[in-house]
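Just below is one structure, and these are the notes that go with it.
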Amino acid sequence: MTRMAATRDGYGQALLDMASNEKVVVLEADLGKSTKSLHFRKAYPERTVSCGIGEQNMMLTAAGLAASGYIPFASTFAIFTERAFEQMRNGIARPNLPVHLCGSHGGTHTGTDGSSAQSIEDLAIFRTLPNVVVLHPCDDVSTRVLTNQLIELNQPSYTRTARNKTPVFYDGRENEVTIGKGVVLNTGSDVAIIACGVMVSEAMKAAESLATKGINAAVVDMHTIKPLDTELIDKLARDCGALVTAEDHNIIGGLGGSVAEFLSSNIPTPLERVGVKDRFGESGQAAEMLDLMEISAPFIALAAERAINRKQ
Amino acid sequence: MTMSIDELEELARRCRVEIVKMVYRAQAGHPGGSLSEIDLLCALYGNYLRVKPDDPEWDDRDRFILSKGHASPGMYAILAEMNFISSQDLESYRVLGGVCQGHVDSKWCPGVDFSAGSLGMGLSFGMGCAVAGRLSNSNRNVFVMLGDGEIQEGSVWEAAMAAKHHELGNLKVILDCNRIQNDDFCETQMRMFDIPAKWRSFGWDVKEIDGHNMEQITEGLDFLVQNKANPSVLIAHTIKGKGVSYMEDNPAFHGAAPNDEQYSVAMSELGEVVS
Ligand SMILES: Cc1ncc(C[n+]2csc(CCOP(=O)(O)OP(=O)(O)O)c2C)c(N)n1
């Protein structure tokens with residue numbers, strides 16, 4: 001049986017891992033129970049700053065801490081990080097302060113809370129900020145490893161985690177996870193599916209169904225959206241000649257946009273982008289949402305066939 | 001025709017039953033803040049709000065903005081009682097394609113004036129509606145329901161300052177002071193000290209009431225509608241989860257659903273026979 005877990009739990013665990021570093025400070029905006037920073041708060045209340053329901057204040061408080069030699073980890077829902085976007089831009093990215101922001105409950109997969117809670121633009125907007133590293137891991141293990149690596153990073157970051165449980169891929173494979181390096185979870189030569197977050201397991205399912213048709217699909221976990229692993233994408237484009245991106249995010253500006261930017265300037269290759277088609281979500285269960293948005297495994301498989309058909 | 005205190009209390013009891021049923025069926029949602037606000041909503045819709053259920057988009061209606069949009073079960077319950085939506089629609093709470101989205105949404109549900117879900121936005125929107133009412137020479141009122149956790153958002157105070165600057169006497173806030181927010185009590189999350197003094201210092205007229213006492217609620221809403229000179233706020237002291245013993249004053253029921261056993265306890269406490 002595959003273990004199931006939510007990436008947000010990996011974030012909560014990582015905060016505890018890093019607690020031995022006394023410079024690590026955690027900031028909350030009344031969603032610690034949800035983002036999982038609550039475990040740190042309970043163990044280290046003196047190093048946890050409750051900002052009430054005030055995301056903008058939280059982000060610049062973190063900036064002040066970072067400028068004073070601390071390593072702040074702030075979290076809220078992905079959607080509410082966006083409220084403090086300009087604080088992130090002018091107060092954190094511009095002075096290049098190592099503030100680490102985590103947005104949990106990202107994407108439509110977050111479910112029945114509905115469209116107001118389903119961030120489908122966070123990866124795009126944070127990716128446009130100079131200096132900011134953008135992560136979107138697919139399981140609790142890789143989230144834990146990547147979050148731990150942030151501490152060495154002397155620059156700001158944004159990590160999107162998810163609310164609901166998905167299959168775990170990295171148990172015992174912790175050492176394969178490094179910021180900036182995509183991971184090939186399945187090898188294949190006909191098409192490469194590059195996915196992030198909750199879509200990685202959907203991509204794996206798509207690869208299985210493609211295999212029954214004799215199509216060998218590579219699957220890549222692109223947990224780092226920025227800086228993009230262009231070396232790997234270049235190799236995939238050469239080896240497979242057709243690519244698919246898959247993300248629980250607007251089709252505009254996220255992983256697909258990022259891969260398209262690289263390919264078009266460097267190695268034009270047929271690319272099909274699976275993502276939310278520039279529309280808002282609604283209330284529904286996680287799996288229902290992926291179907292409604294036409295981003296679940298069957299849609300990835302169809303996109304893979306389209307990409308293959310476009311090969312010259 | 002105004003509703004009597006007894007009628008309002010019975011209306012609120014029925015709404016409480018529906019709130020718990022919605023959250024139980026969905027096994028998700030926000031019972032605490034729905035149960036704390038519901039007496040206020042019943043009196044407002046029952047006796048004050050000038051709206052037309054058969055014409056929900058009527059231009060000159062009073063506006064009601066549930067800024068704490070997670071407390072949607074309370075709003076859906078009263079909208080069903082007022083016939084904006086059917087009692088069947090309540091079963092669509094948090095269901096794919098449903099009229100009753102997780103957070104109140106004007107695109108999905110008749111009678112909803114503002115799509116909420118992100119805290120701290122409703123008062124600014126209400127200010128826009130109030131300016132529009134004045135520009136249209138209308139005497140319609142704009143009511144905005146805020147949570148006490150919600151007023152920690154700085155944008156609330158931008159709107160409060162601006163409403164006084166523009167002397168928006170048609171803008172009225174109802175503040176559901178249930179003392180609990182998402183993670184815990186407000187006292188631990190962010191102390192707000194003297195809330196009435198804060199509003200007064202922004203130039204608002206303030207009245208405090210017990211938000212579960214229909215007589216006091218009536219006096220409070222009278223105060224709001226009679227006050228046309230100044231923006232005014234009714235600070236309602238409430239109990240989160242009011243009416244269901246194990247939910248009362250319990251942060252765990254901000255956003256959690258009752259299990260089977262808890263559900264039957266709730267139904268019997270609310271005087272409802274479960275078949
Ligand atoms: C901008 C924003 N930040 C965080 C949240 C998550 N959230 C939903 S409800 C809630 C607590 C609200 O407390 P309060 O306003 O007191 O509402 P009530 O107790 O009446 O339910 C929080 C933090 C949100 N919806 N919007």
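The values are calculated or read from the model by the stated rules, or taken from the named source; none is laboratory data. Keep in mind that what you see is a predicted model, and the values were worked out from it rather than measured. Cβ coordinates were reconstructed from backbone atoms using ideal geometry, including for glycine residues, and neighbour counts include every protein chain displayed. Surface accessibility is based on the protein's heavy atoms, side chains included, excluding ligands, DNA and RNA. Shrake-Rupley method; radii C 1.70, N 1.55, O 1.52, S 1.80 Å.
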**For chain A, alpha-carbon Rg and Dmax in angstrom** = 18.5, 61
**Request:** Report, ordered by chain and residue number, the lysines lying within cross-link reach of residue A:277, taken as a straight Cα distance under 20 Å and ignoring same-chain residues fewer than 8 apart.
**Result:** B:107
**Request:** Set Lys and Arg Cβ to +1 and Asp and Glu Cβ to -1, take the dipole of the range B:14-86 about its Cα centre, and tell me which of B:83, B:26, B:65 lies farthest positive.
**Result:** B:26
**Complete:** Ordered by number, the residues of the range B:175-206 that have at least 30 Å² less accessible area in the complete protein assembly than on their own chain alone (1.4 Å probe) are B:182, B:183, B:189, B:190
**Asked** Too long at a 22 Å Cα-Cα cut-off: which of B:21/B:68; A:235/A:311; A:33/B:21; B:207/B:240; A:181/A:311; A:33/B:198?
**Response** A:33/B:21; A:181/A:311; A:33/B:198
**Request:** Between the chain alone and the structure with every protein chain in place, find the residues of the range A:90-136 that drop at least 10 Å² of accessible area; heavy atoms, 1.4 Å probe.
**Result:** A:112, A:113, A:115, A:116
**Asked** How much of the DSSP beta bridge set in the protein assembly as shown is antiparallel, as a percent to the nearest 5?
**Response** 15
**Request:** Provide the descending list of Cα extents for the range A:1-119 along its principal axes, expressed in whole angstroms.
**Result:** 44, 32, 23
**Asked** Which of the residues in the range B:58-96 lose at least 10 Å² of accessible area when you go from the chain alone to all protein chains together (probe 1.4 Å)?
**Response** B:94, B:96
**Request:** Could you work out how far apart the two model spin labels at residue A:67 and residue B:260 are, taking each label as a point 7 Å from the Cα in the direction of the beta carbon, and quote it in nm?
**Result:** 5.8
**Prompt:** What longest region of chain A stays clear of GluC sites (Glu not before Pro) that DSSP places outside H, G, I, E and B and that have at most 12 other Cβ atoms within 10 Å?
**Reply:** A:153-312
**Message:** I'd like to check one number: the per residue accessible area of the range A:90-159, probe 1.4 Å, reported in Å² as a whole number.
**Reply:** 24
**Asked** Which translational diffusion coefficient, to the nearest whole µm²/s, is obtained for the protein assembly as shown from the Stokes-Einstein equation, given a Kirkwood hydrodynamic radius over C-alpha pairs, 37 °C and 0.692 mPa s?
**Response** 131
**Request:** Please work out the FRET efficiency for the pair residue B:10 and residue B:91, using the Cβ-Cβ distance as r and a Förster radius of 30 Å; give the result to the nearest 0.05.
**Result:** 0.85
**Fill in**
Restricting to Cα pairs under 8 Å and 6 or more apart, the percent relative contact order of chain A works out to 18
**Asked** What total accessible surface area, summed over both chains, is buried at the interface between chains B and A, computed with a 1.4 Å probe and given in Å² to the nearest 100?
**Response** 2100
**Item:** Candidates per chymotrypsin sites (Phe, Trp or Tyr not before Pro) in the range A:205-312, loop by DSSP, up to 16 other Cβ within 10 Å
**Value:** A:280
**Request:** With a 1.4 Å probe and every protein chain kept in, tell me what percent of the accessible surface of the protein assembly as shown is carbon plus sulfur.
**Result:** 50
**Message:** Taking only complete DSSP H runs, can you tell me which helices of chain B stretch 27 Å or more along their own long axis by Cα positions and average at least -1.0 on the Kyte-Doolittle scale?
**Reply:** B:5-26
**Item:** Under 5 Å, built H, 5+ apart or other chain: amide partners of residue B:206
**Value:** B:233
**Request:** State the answer as a single residue: which of B:127, A:308, A:72 lies farthest towards the positive end of the charge dipole of the protein assembly as shown, with beta carbon charges of +1 for Lys and Arg and -1 for Asp and Glu, about the Cα centre.
**Result:** A:308
**Message:** Check which residues have an amide H placed less than 5 Å from residue A:220's amide H, if you skip close sequence neighbours.
**Reply:** A:185, A:193, A:194, A:195
**Message:** Below 8 Å, C-alpha to C-alpha, sequence gap of six or more: please give me the relative contact order for the range A:4-167 in percent.
**Reply:** 31
**Request:** Decide, for the range A:129-283, between rounded, prolate and oblate: order the square roots of the alpha carbon gyration tensor eigenvalues as a ≥ b ≥ c, take rounded if a/c falls under 1.5, and otherwise choose prolate if a/b is larger than b/c, else oblate.
**Result:** rounded
**Request:** Determine the distance separating the Cα centre of the range A:249-312 from the Cα centre of the range A:1-69; give it in Å without decimals.
**Result:** 32
**Complete:** Computed about the Cα centre, the charge dipole of chain B from +1 Lys/Arg and -1 Asp/Glu charges at the Cβ has a magnitude in debye, to the nearest 20, of 720
**Whole-percent pair-distance distribution, where bins are 10 Å wide, for the alpha carbons of chain B** = 7, 32, 38, 19, 3, 0
**Request:** Would you mind getting the accessible area per residue of chain B, heavy atoms of the protein chains only, 1.4 Å probe, in Å²?
**Result:** 39
**Prompt:** At what distance in nm do the modelled label points of residue A:23 and residue B:250 sit from each other, each positioned 7 Å from its Cα along Cα→Cβ?
**Reply:** 4.5
**Request:** Calculate how many DSSP beta bridges within the range A:4-167 are antiparallel, expressed in % of all such bridges and rounded to the nearest 5.
**Result:** 10
**Request:** Taking the dipole about the Cα centre of the range A:180-311, with the C-beta of Lys and Arg at +1 and of Asp and Glu at -1, give me whichever of A:243, A:269, A:298 is farthest to the positive side.
**Result:** A:269
**Item:** Helical contribution to [θ] at 222 nm, DSSP H n ≥ 4, -39,500 (n - 2.57), averaged over chain A, rounded to 500
**Value:** -10000 deg cm²/dmol
**Asked** Restricting the count to DSSP beta bridges whose residues both fall in the range A:180-311, what percent are antiparallel, rounded to a multiple of 5?
**Response** 20
**Item:** Label-point separation, residue A:4 to residue B:268 (7 Å along Cα→Cβ), nm
**Value:** 3.3
**Message:** Restricting to DSSP loop positions (anything but H, G, I, E, B) with no more than 14 other Cβ atoms inside 10 Å of their own Cβ, which GluC sites (Glu not before Pro) remain in the range B:97-175?
**Reply:** B:167
**Complete:** Note to self: C-alpha centroids of the range B:54-81 and the range B:211-271 sit apart, in Å, by 17
